[in-house]
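K.L.:
My questions will all concern the structure given below.
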Amino acid sequence: MSPSSTPDCAHAAAALVPPRAAPNHARGLRQWIRTELLGSPMNVGVTLLMTALLVWQLPGWVSWSMVHAIVQPDADACQTARGLGACWGVVSEKYRLILFGRYPFAEQWRPLVATLGLLVLLVASCMRQCWHRGLVVAWILGLCGFFGLMGGRLLGFSVGLTPVSTDQWGGFPLTLMLSTLSIACAFPLAVLVALGRRSDWPLVRAVCITYIELVRGVPLISVLFMASFMFPLLMPPGTTPDVLLRVLAGITLFSAAYLAEIIRGGLQAIPRGQLEAAASLGLGYWATQRLVVLPQALAHVVPGIMNNFIAIFKDTSLVTIVSLYELSGAMGLAVNGDPNWRPFKLEAYLFITLIYFVCCFAMSRYSLWVERQVTHR
Amino acid sequence: MTTPIIQFEQVNKWFDQFHVLRDINLSVTAGERIVICGPSGSGKSTLIRCINRLEEHQQGRITVTGVELRDDTRSTEAVRRQVGMVFQQFNLFPHLTVLENLTLSPIWVGKVKPDEAQERAMQQLQRVRIAEQAHKYPLQLSGGQQQRVAIARALCLTPQIMLFDEPTSALDPEMIQEVLDVMVELAEQGITMLCVTHEMGFARAVADRVIFMDQGQIIEEAPPQVFFEQPIHDRTKDFLAKILGH
């Protein structure tokens with residue numbers, strides 16, 4: 001065949017090209033520094049700026065928090081080192097008051113055991129291997145154990161421990177219990193409200209919208225205030241439920257409204273075709289929602305949901321307003337009440353900050369894991 | 001003459017003020033294979049979606065497998081168990097594996113034991129030649145494979161009637177044939193089929209009757225031979241010229 005017989009634009013591959021391995025980039029530290037820290041002029045600038053900030057701030061921080069810090073609970077030593085070194089002594093002196101609030105000192109093994117038990121349950125519930133029926137039983141027993149240990153009584157019956165009334169509960173156990181239970185109750189309620197807001201029945205829709213808009217128009221503090229002080233006034237004397245229960249209901253109802261709107265966002269992302277396919281397969285309303293719509297809708301809004309859970313965890317600190325001394329309230333109680341240690345509030349704050357951070361960071365990492373589990377591409 | 005498995009009597013439907021189905025009369029005998037065609041917006045999808053009540057009609061009577069479709073969940077659910085549907089966009093459940101997509105309805109609606117449902121699902125997957133993908137998720141499959149899974153899913157309830165709503169319109173040209181092949185096989189097995197499609201080759205090969213719709217009406221219906229060779233209405237001739245012209 002003569003070359004002149006084919007036009008210039010025609011071309012056929014002489015042979016199929018077999019796949020080859022991608023060029024191998026070195027992934028060592030040196031390479032990382034070169035690309036990530038010094039990759040472009042802008043990059044170099046940012047790296048220099050950050051290094052300068054570190055050089056400027058880090059030595060002072062290390063010196064304050066470690067080198068010149070006072071660790072032993074010695075108020076005089078702390079006073080001398082003031083401005084120069086941190087006074088972690090306030091933590092070593094007051095940690096039991098910070099962690100357990102006004103709970104009777106001699107009985108504090110009880111909240112410790114109760115909290116550890118609750119933490120074990122929470123961690124287990126996050127792990128796929130533990131997701132079977134036994135977990136439900138474990139939760140029922142675990143919660144009975146928690147309230148039995150904390151209060152010394154369970155559903156009105158003594159469990160052989162000194163009774164401790166709920167207004168004396170405090171510190172981390174209270175924070176953990178309030179956030180766990182309000183998250184556990186708010187979530188299913190929020191799912192129902194979100195579905196209700198999209199219901200075909202005008203009455204159901206109206207009730208859900210009213211609830212959401214009412215709650216969103218009020219700050220949590222006023223909800224707690226009403227639950228704690230107003231509600232008993234409206235009830236016949238002697239019939240008011242425990243303050244803890246009222247506060248728990250307040251936080252739950254408050255968070256559920258926000259959570260419902262997040263979930264509604266997820267519901268809206270589900271294409272009509274999914275509902276039609278479910279309908280054509282004979283699935284009824286509840287089966288469709290439970291098996292087809294919610295698994296996808298919730299997967300879409302995992303970050304938003306976890307955001308809300310984290311907010312609930314931290315919002316429990318507002319119950320201090322109704323004299324329930326959870327972690328941050330107990331910290332205030334411990335430091336403000338003692339003139340010797342009052343100047344070292346900052347260190348005490350850093351201590352509870354660390355506790356809050358560990359919990360919230362764990363929740364945020366867990367959320368990333370959940371996101372990976374629900375992506376099926 | 002045997003009683004029809006599907007019967008439309010003077011059916012009318014409106015979307016707001018838009019009259020989408022106009023005086024529809026149609027009767028389908030068991031085992032019949034019908035292809036419905038027509039320009040977009042002619043009401044053909046709405047027509048077959050009325051059969052399993054994804055759309056409600058406002059006037060007239062629709063009877064499917066002896067049950068009249070009314071505004072109550074019981075008749076709707078009874079009919080939906082007898083009617084499988086395949087959609088243009090597949091509408092597989094992306095959060096479930098292929099196998100779970102197939103067993104969902106038998107387990108929750110048909111109350112079949114999970115083991116048995118899985119066994120039957122695997123048989124259906126073999127029927128559409130995709131059994132090896134059973135444990136993948138839908139979005140990991142090609143469009144043609146997804147549509148075959150959707151057909152298998154609809155068959156898992158052992159329906160008497162299968163509805164296809166433009167099953168090949170969302171597919172790459174290379175994948176249309178694998179889906180049509182499955183549909184032809186299905187047609188040969190005697191199930192009642194109503195198929196909205198523009199695949200005229202398919203219509204010629206398997207249809208007992210071709211229905212042409214325009215502006216919400218059934219304009220013309222005839223066996224494929226007659227329909228393609230001797231269309232009566234100008235609208236039909238016009239449509240066929242456009243669709244067969246290329």
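The values are calculated or read from the model by the stated rules, or taken from the named source; none is laboratory data. Here the structure is a predicted model, which is why all the values come from computation and not from measurement. Backbone-built Cβ (ideal geometry, glycine too); neighbour counts: all protein chains shown. When the accessible area is computed, the model is the full protein with side chains, heavy atoms only, and any ligands, DNA or RNA have been set aside. Shrake-Rupley method; radii C 1.70, N 1.55, O 1.52, S 1.80 Å.
K.L.:
Of the conditions (1) of a type in the set (A, V, I, L, M, F, W, C); (2) surrounded by 21 or more Cβ atoms within 10 Å (Cβ to Cβ); (3) within 21 Å of residue B:159 (Cα to Cα), residue B:24 clears all except one; give me its number.
P.N.:
For residue B:24, the failing item is (3).
K.L.:
Looking only at the stretch A:338-377, filter to residues that are hydrophobic (A, V, I, L, M, F, W, C) and within 14 Å of chain B (Cβ to nearest Cβ); which one of those is nearest to the chain's Cα centre (by Cα)?
P.N.:
Residues of the stretch A:338-377 hydrophobic (A, V, I, L, M, F, W, C): A:341, A:344, A:346, A:348, A:350-352, A:354-355, A:357-363, A:368-370, A:374.
From what's left, within 14 Å of chain B (Cβ to nearest Cβ): A:370, A:374.
Values: A:370: 14, A:374: 19 Å.
Here the residue is A:370.
K.L.:
Please determine, by comparing only the residues of the stretch B:221-246 that are touching an Asp or Glu at 6+ places or on another chain (Cβ under 8 Å) and part of a loop (DSSP other than H, G, I, E, B), which one is surrounded by the most Cβ atoms within 10 Å (Cβ to Cβ).
P.N.:
B:231
To keep it simple, each residue is scored yes or no on (1) touching a Gly at 6+ places or on another chain (Cβ under 7 Å); (2) within 30 Å of residue A:76 (Cα to Cα); (3) surrounded by fewer than 16 Cβ atoms within 10 Å (Cβ to Cβ).
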| position | (1), (2), (3) |
| --- | --- |
| A:274 | no, no, no |
| A:281 | no, no, no |
| A:298 | yes, no, no |
| A:325 | yes, yes, no |
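K.L.:
Of all the residues that make up the stretch A:40-85, how many are assigned to a helix (DSSP H, G or I) and open to solvent by 60 Å² or more (accessible area, probe 1.4 Å)?
P.N.:
20
K.L.:
When the residues of the stretch B:80-92 are narrowed to those that are surrounded by fewer than 23 Cβ atoms within 10 Å (Cβ to Cβ) and not in a loop (DSSP other than H, G, I, E, B), which ends up farthest from the other protein chains (Cβ to nearest Cβ)?
P.N.:
B:82
K.L.:
So, in the stretch B:119-140, of the ones that are in a loop (DSSP other than H, G, I, E, B), touching a residue at least 40 places away in the same chain (Cβ under 8 Å) and at negative phi, which residue ends up surrounded by the fewest Cβ atoms within 10 Å (Cβ to Cβ)?
P.N.:
Here the residue is B:137.
K.L.:
Would it be correct to say that residue A:358 is hydrophobic (A, V, I, L, M, F, W, C) and open to solvent by 50 Å² or more (accessible area, probe 1.4 Å)?
P.N.:
Taking the combined requirement at face value, the residue satisfies it.
K.L.:
Could you check residue B:136 against (1) in contact with a Ser or Thr (Cβ under 9 Å, 6 or more places away or on another chain); (2) among the basic types (Lys, Arg); (3) within 24 Å of residue B:189 (Cβ to Cβ) and say which number it fails?
P.N.:
Answer for residue B:136: the failing condition is (3).
K.L.:
Taking residue A:234 as the residue in question, decide whether it is away from chain B (no Cβ under 14 Å) and open to solvent by 30 Å² or more (accessible area, probe 1.4 Å).
P.N.:
Taking the combined requirement at face value, the residue satisfies it.
K.L.:
Just checking, which of A:84, A:49 is out of contact with any Gly (no Cβ under 9 Å at 6 or more places or on another chain), within 30 Å of residue A:338 (Cα to Cα) and free of Cβ contacts under 8 Å to residues at least 40 places away in the same chain? Reasoning before the result, please.
P.N.:
Details: A:49 fails: within 30 Å of residue A:338 (Cα to Cα).
Sole residue among the options that is out of contact with any Gly (no Cβ under 9 Å at 6 or more places or on another chain), within 30 Å of residue A:338 (Cα to Cα) and free of Cβ contacts under 8 Å to residues at least 40 places away in the same chain: A:84.
K.L.:
Just to check your reading of the model, which residue among A:223, A:193, A:215, A:164 is among the hydrophobic types (A, V, I, L, M, F, W, C), within 26 Å of residue A:315 (Cα to Cα) and not in a helix (DSSP H, G or I)?
P.N.:
So the residue among A:223, A:193, A:215, A:164 that is among the hydrophobic types (A, V, I, L, M, F, W, C), within 26 Å of residue A:315 (Cα to Cα) and not in a helix (DSSP H, G or I) is A:164.
K.L.:
Hey, any hits in the stretch A:313-322 for a residue that's open to solvent by 50 Å² or more (accessible area, probe 1.4 Å), over 30 Å from residue A:284 (Cα atoms) and out of contact with any helix residue (DSSP H, G or I) (no Cβ under 8 Å at 6 or more places or on another chain)?
P.N.:
So far as the stretch A:313-322 goes, no, none of its residues is open to solvent by 50 Å² or more (accessible area, probe 1.4 Å), over 30 Å from residue A:284 (Cα atoms) and out of contact with any helix residue (DSSP H, G or I) (no Cβ under 8 Å at 6 or more places or on another chain).
K.L.:
Out of the residues in the stretch B:102-114 that are open to solvent by 20 Å² or more (accessible area, probe 1.4 Å) and in a loop (DSSP other than H, G, I, E, B), which is farthest from the other protein chains (Cβ to nearest Cβ)?
P.N.:
In the first step, residues of the stretch B:102-114 are kept if they are open to solvent by 20 Å² or more (accessible area, probe 1.4 Å); the result is B:107-108, B:110-114.
Remaining after also requiring in a loop (DSSP other than H, G, I, E, B): B:110-113.
On the way: B:110: 8, B:111: 11, B:112: 12, B:113: 17 Å.
Restricting to residues being open to solvent by 20 Å² or more (accessible area, probe 1.4 Å) and in a loop (DSSP other than H, G, I, E, B), the top hit is B:113.
K.L.:
Within the stretch B:115-135, can one find any residue that is within 13 Å of chain A (Cβ to nearest Cβ) and among the charged types (D, E, K, R)?
P.N.:
no
K.L.:
Which one of these is open to solvent by less than 10 Å² (accessible area, probe 1.4 Å), part of a helix (DSSP H, G or I), touching a strand residue (DSSP E or B) at 6+ places or on another chain (Cβ under 6 Å) and at pLDDT 95 or above: B:187, B:203, B:150?
P.N.:
B:150
K.L.:
Right, next: Scan A:283, A:291 and give me the residue that is touching a residue at least 12 places away in the same chain (Cβ under 8 Å), facing chain B (nearest Cβ under 10 Å) and either part of a helix (DSSP H, G or I) or of a type outside the set (Lys, Arg) (or both).
P.N.:
Selected residue: A:291, the only one of A:283, A:291 that is touching a residue at least 12 places away in the same chain (Cβ under 8 Å), facing chain B (nearest Cβ under 10 Å) and either part of a helix (DSSP H, G or I) or of a type outside the set (Lys, Arg) (or both).
K.L.:
Next question, about the same structure. Within the group B:40, B:27, which residue is without any contact (Cβ under 8 Å) to a residue 60 or more places away in the chain, of a type in the set (Gly, Ala, Ser), under 29 Å from residue B:241 (Cβ atoms) and not in a helix (DSSP H, G or I)?
P.N.:
B:40
K.L.:
Shifting gears a bit: Do we find a residue being closer than 29 Å to residue B:89 by Cβ and over 26 Å from the mean Cα position of the chain (by Cα) anywhere in the stretch A:203-216?
P.N.:
Step one: of the stretch A:203-216, the residues closer than 29 Å to residue B:89 by Cβ are A:205.
Still in the running and over 26 Å from the mean Cα position of the chain (by Cα): A:205.
Among the residues of the stretch A:203-216, at least one is closer than 29 Å to residue B:89 by Cβ and over 26 Å from the mean Cα position of the chain (by Cα), which makes the answer yes.
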